[in-house]
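Novice: Below is the structure I would like to discuss, written out as structure tokens.
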Amino acid sequence: MAEGIAFELVTGVLGKLGSALGDEIGLLRSFKDDADDLRSNFSAIQAVLLDAEERSSAGKESHALRDWLRKLKDAAYDADDLLDEIRTQQQYPEVQNHQHQPAGKVRGFLSRANPMHLKFKVKMAHRMKALREKIGKIAKQRHDFGLAEAGPLGQAEFKRPETFSVVDEKTIVGRDGDKEEIVNLLLETNSDHDVSVIPIVGLGGLGKTTLAQLAYNDERVTDELVTGQKRFDLRVWVCVSTDFHMKTIAKPVISAAGENCALDNSDAVATCLVRIFSQKRFLLVLDDVWNEDQNKWKELNVVFKNSKKGSKVLVTTRSEKVAEIMKTVKPHRVKGLSDDDCWTLFKRRVFDDGEENYYPSLVAIGKQIVKKCGGVPLAANALGSMMRFKSRTEDAWSAIRDSEIWSLKEEKTILPSLKLSYIQMPSALKQCFCDAPTSQEVTHPRTTPVLARLTLLTS
């Protein structure tokens, strides 16, 4: 598991290094050269991490290999922190420290000629150089363990599954109150904004998408008004994920509207979207949004300029920052389910209807296991699917309940409960869970959610 986290970390850092890092604030040339070297070394390390995980799963890793992996993870965290700090500087230069100063002084700070700005660039260059040297040594040490490089299949990317608006309400538990709150916001007509943006925020696996599906399909939202007109002239569901671009969002909108628009250039796309949303009251769901670039949201927001009052944009996200950027109303924060609701989900995965009555001792142990899920539906479903194929003995179930995994420091996250499912997968399948973003997935800054895609196997 630790090695899977290392692979995911390295993959995330490589993704950040692959962008146009530093162009916006003109970092020193030496920084860019070191960043290129860092990218090369991380790529070389990434190629052998799958073999390292195989050895760890089989209990064949040496003390030296464990130490190497620990050093690699620490260095990868350092690199991730550095890159995040640079991106923060790009998007939000230190205005916060100067927010009470006159505008001229703030503009002076942001000027590239300002010595404070130069000081930042030099500091970043020194840190990048030190990181490059550190990672270079770690990359060379990989040869000491005789690790095999992964082939093309091992390096294949695993794409996030695309979500859709259809939901079976009979299978959903514990979300009636949340649904009512969201539906009421969608029905609100006295907003100060022509287009209201309603963020649904919460930890991965809590059911944000499910909640959006329930509200999107509620009959009060889909029914006609007393005037005979539909409440919303246009309803569109868009699975955004990490691809927050106008063209990506435009495709399902154009399809839902029955339009035929060219997508060969941005101007044509924007013009088409303005025409589609013009003089319409619409409901647009943007599911699983990760974009924290405020400018991208402002660019998209322009196409709503001629929409009717009462239009709504419903956003699901794990990021408080995304919610803050996009909101026009207070975000709805999704909380965990009750133990009883989690038990219902768990029970459905483990037993056929009524079968649990034949296993009263396992039911008692199962309810104790469910309490460790922290109210996260994803965790309850994942564990339930795993337990369905476990031996139905008290010893087997007690072993899961009493596992040391529950005592991880990150016990307040979903990591311990999902790790139990993760460790039973073949290594080749484990890698499919190693391309998720890192810092925004969970509340703990040093916990990586490589298990967030277990829903694929448990649905």
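The values are calculated or read from the model by the stated rules, or taken from the named source; none is laboratory data. Since we're looking at a predicted model, the values are computed, not measured. FYI the Cβ positions are ideal-geometry reconstructions off the backbone, even for glycines, and counts take in every protein chain you see.
Novice: Please count how many residues of region 130-144 are buried (at least 18 other Cβ atoms within 10 Å of the Cβ) and among the small types (Gly, Ala, Ser).
Specialist: 1
Novice: Can Arg39 be described as of a type in the set (Lys, Arg) and modelled with pLDDT of 80 or more? Walk me through how you get there before you give the answer.
Specialist: Details: of a type in the set (Lys, Arg): yes; modelled with pLDDT of 80 or more: yes.
Yes.
Novice: Separate question: Checking Asp264 against (1) under 19 Å from His193 (Cα atoms); (2) modelled with pLDDT under 95, which single condition isn't satisfied?
Specialist: Every listed condition holds for Asp264 apart from (1).
Novice: Here's a follow-up. I need every pair where a residue in region 252-264 that is more than 12 Å from Arg275 (Cα to Cα) has its Cβ under 7 Å from the Cβ of a residue that is of a type in the set (Val, Ile, Thr), sequence separation at least 6 or different chains.
Specialist: Here the result reads Pro252/Val236; Pro252/Val238; Ala256/Val236; Leu263/Val269, each pair linking region 252-264 to a residue that is of a type in the set (Val, Ile, Thr).
Novice: Inspect all residues belonging to region 53-65 and state whether any of them is in the same structural domain as Lys134 (by TED's automatic domain parsing), buried (at least 22 other Cβ atoms within 10 Å of the Cβ) and modelled with pLDDT under 70. Write out each step before concluding.
Specialist: The first filter runs over region 53-65 and keeps only residues in the same structural domain as Lys134 (by TED's automatic domain parsing), leaving 53-65.
From the residues that got through so far, the ones that are buried (at least 22 other Cβ atoms within 10 Å of the Cβ) too are 53.
Retained after the next criterion (residues that are modelled with pLDDT under 70): 53.
Yes - at least one qualifying residue is present in region 53-65.
Novice: Further question: Return the residue satisfying two criteria in turn: it lies in region 333-365 and is buried (at least 19 other Cβ atoms within 10 Å of the Cβ) and of a type in the set (Phe, Trp, Tyr), and of such residues it is farthest from Met387 (Cα to Cα).
Specialist: Trp343
Novice: Only one of these conditions is not met by Asn217: (1) more than 22 Å from the chain's Cα centre (by Cα); (2) modelled with pLDDT under 95. Which number is it?
Specialist: Going through the list (1) more than 22 Å from the chain's Cα centre (by Cα); (2) modelled with pLDDT under 95, Asn217 breaks only (2).
Novice: Going through region 293-331 one residue at a time, which ones are closer than 19 Å to Met246 by Cβ, surrounded by fewer than 20 Cβ atoms within 10 Å (Cβ to Cβ) and within 14 Å of the chain's Cα centre (by Cα)?
Specialist: none
Novice: May I ask you to list pairs of residues, at least six apart or on different chains, whose Cβ atoms are under 7 Å apart, with the first in region 59-75 being under 18 Å from Lys134 (Cβ atoms) and the second being modelled with pLDDT under 85 and of a type in the set (Val, Ile, Thr)?
Specialist: Lys73/Ile5
Novice: Does at least one position in region 317-324 carry a residue that is farther than 20 Å from Gly204 by Cα and in the same structural domain as Ser196 (by TED's automatic domain parsing)?
Specialist: The initial filter retains those residues of region 317-324 that are farther than 20 Å from Gly204 by Cα, namely none.
Checked against the condition, which is being farther than 20 Å from Gly204 by Cα and in the same structural domain as Ser196 (by TED's automatic domain parsing), region 317-324 yields no hits at all.
Novice: Mind checking which pairs have a first residue in region 214-234 that is in contact (Cβ under 8 Å) with a residue 24 or more places away in the chain and a second that is small (Gly, Ala, Ser) and outside any helix (DSSP H, G or I), Cβ under 8 Å, 6 or more apart or different chains?
Specialist: Listed pairs, sorted by first residue: Tyr216/Ser165; Asn217/Ser165; Phe232/Ser311.
Novice: I'd like to check something: does region 121-129 contain any residue that is loosely packed, with under 12 Cβ neighbours inside 10 Å and either outside any helix (DSSP H, G or I) or at pLDDT below 70 (or both)? Don't jump to the end; show me each part of the working.
Specialist: Of the residues in region 121-129, the ones loosely packed, with under 12 Cβ neighbours inside 10 Å are 123.
Pick out the ones that are also either outside any helix (DSSP H, G or I) or at pLDDT below 70 (or both) and you get none.
No, there is no match, as no residue in region 121-129 is loosely packed, with under 12 Cβ neighbours inside 10 Å and either outside any helix (DSSP H, G or I) or at pLDDT below 70 (or both).
Novice: Scan region 366-390 for residues that are surrounded by fewer than 21 Cβ atoms within 10 Å (Cβ to Cβ) and over 27 Å from the mean Cα position of the chain (by Cα) and report the count.
Specialist: Here the count works out to 5.
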